[in-house]
Amino acid sequence: MAKEQSNYKDTVFRMIFKDKENLLSLYNGVNGTDYKDPEKMEITTLENALYMNMKNDISCVMDFSLNLYEHQSTVNPNIPLRDLFYVSKILQGLIVKEDVYSSRRINIPIPRFYMFYNGLKEMPLKEAIDRAITECIREGILSDFLRKNRAEALEMSWYEYNEELHLKNERQIAYEEGLEQGLENGIKQTILRMHKNGYLLNQIAEVVDKSQAEVKAVIEKEESVLI
């Protein structure tokens, strides 16, 4: 059984937002609302509890939604699992007077999870792109387009990045081939390989650092030999 501790130090995030007025401001900012009365909010943060070295930062019930806010300065892929523990514990407290074995359905607030990240390590690319799209929609930046074409926008951004990464890899291959076979011969082999794989002249020229005319000349010379 996990040992409970009660003397852990509050983070600045918790210190700021355990105040109802500040927390209401956070809620309004995240949800685009303009509630004025902080007394309509019920704070449900797990106070003075540390379970399995995990703590709940801030949570509250407002407008029949259970909002859990987490602040992270490091990437942690287990946040969803931790949130599951938190929301289960909080809901137990909210329905403590209810009979879970009753034939009547117990209504519970809708859980909503938010994470504020200010670390230095980059997020996984697809997650970062998806988050950027979400923020654009929330801020009204191309919101109609992105709502209708979210999946396509995500995949296109991902593809464009991968294409750039692939071209960088091609440059590295060209460099290695140049060392092994001699610079000019290595560049020639790279041009012919990329041409065979369907790359455009401008793409090949960028990789081998030659003009399009030079690239075209190498290709035409090789094709004339094969005729």
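Among the residues in the range 36-51, are any farther than 25 Å from residue 106 by Cβ, at pLDDT below 85 and more than 24 Å from the chain's Cα centre (by Cα)? Outline the logic, then answer.
First, pick out the residues of the range 36-51 that are farther than 25 Å from residue 106 by Cβ: 36-38, 48, 50.
Within this subset, residues satisfying the condition of being at pLDDT below 85 are 48, 50.
Filter again for more than 24 Å from the chain's Cα centre (by Cα), leaving 48, 50.
Looking through the range 36-51, at least one residue is farther than 25 Å from residue 106 by Cβ, at pLDDT below 85 and more than 24 Å from the chain's Cα centre (by Cα).
Per-residue answers, yes or no, for (1) within 30 Å of residue 37 (Cα to Cα); (2) surrounded by 15 or more Cβ atoms within 10 Å (Cβ to Cβ); (3) at pLDDT below 85; (4) not β-branched (Val, Ile, Thr):
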{"position": "81", "(1), (2), (3), (4)": "no, no, no, yes"}
{"position": "96", "(1), (2), (3), (4)": "yes, no, no, no"}
{"position": "119", "(1), (2), (3), (4)": "no, no, yes, yes"}
{"position": "149", "(1), (2), (3), (4)": "no, no, yes, yes"}
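The values are calculated or read from the model by the stated rules, or taken from the named source; none is laboratory data. Because the structure is predicted, anything quoted here is derived from the model rather than measured. Counting neighbours? That spans all protein chains shown, and the Cβs are built from the backbone with ideal geometry, glycine included.
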